[in-house]
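Report on one structure; see the data block that follows.
None of the figures in this text is laboratory data; all of them are computed from the coordinates on show. Because the structure is predicted, anything quoted here is derived from the model rather than measured. All Cβ positions, glycine included, derive from the backbone under ideal geometry; neighbour counts span all protein chains shown.
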């Protein structure tokens, strides 16, 4: 066997000081979910805002204007005397507020609406009863008669017709009661004759006082001020628009938050870290690549990952790549990470253990013999194939067909021995496994891997899958080393140390390409005979 190179080493814990820009999450505060929902659905929020503003403008144009006009009636309680005893006269009390409320009740009469309607063309009794309200005006001694109408002039006319009508109805009612009382006092005076001059004089004074009330002098009520103007009621146009903005914002954010909850895709890195608070070890940009080339941004992303995993260790590390959902980019990440290690001068074994959907071989241009890997005499080197143009990258990637259950069972039994052999012939072992959020195959590897890297892709990773992956790993007692975020924002290498202009943006994930001539080279390792 050739001399073994210094082993690339790994660790399970993340040292934050090595990459201060890559954090374990962001404290977004109580409003974080709302702000995130707005960022993810700005069009929805904007449309709701425009709709509410448009609705408020239409309503303002179509709403019927409303005007209030008020006439005032002065209330003057009396001290009370023998002449007015028995009449509905308001007297002074210890509770002026209650006295004023009683006055408003006396004046607010349907009969007043009948009288006012006779003097107000175009107004019916019912309309007046609905449009006019009689109320005590605060702590004053004034009762307000307020009329509401769709024009200033009609509101003023209604208030000025209703206020005198209340006084007229009150005067008619009082006159009838005064006439009855005056008739009684006169009868008493005639019966006395000249027998009691003092009593007769008192009766005469009472009759005279009552006659003044009968002739129209109400001791309690008088018109203080007629209605002279009207004020438009209801919210102003400016206030309506402001309220529409507030309401639209609330509805729009609520709708965006609801969609955010219903959408199972993780929209951004913050959402990923919220579900599974792991350190973000690197962010892999999605860039256009030329044939046979690896963009500098991509190289730097995986160099960043390599530096963070590099630490003192006593054996060749096994670095496992898995994901929560299909399409997160774990296979591409495993290939590019292995390529980065090879470019730095290390010998790497790349194992495609995603037996349900093995893609590494097709992407690199190699194919292994799966039967030799799971035979009775396990020899990993019998199944390893050199990557085209990369003799230090040894790949196992089979294309199993039919029922893979026997191969999964064999893998479970022989995995420790396979990894032990891989450690002997390489400086680092990179393993691609099935999505942990969909199937449990990757659990066979997590307990023997030195670093477990969870690949996630905003816009693709399913929330439920990520939660399932977390629960499975926690149940196994394994904490992933960190997240590899594909398409994540926040890390850019363009324009630094000569990398400007290399990124052109593309929706396709980059992969390790075979040489332009498409040839495949297969060579067994010379160390095979030295294996036990």
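Computed from label points 7 Å out along Cα-Cβ, the spacing between residue 205 and residue 31 is 7.7 nm.
Once the convex hull of all Cα atoms in segment 67-232 is built, its volume per residue stands at 105 Å³.
Computed across segment 29-109, the Kirkwood radius stands at 19.2 Å (inverse of mean 1/r, all Cα pairs).
Under the criterion of Cα pairs below 8 Å and six or more residues apart, the relative contact order for segment 67-232 equals 39 percent.
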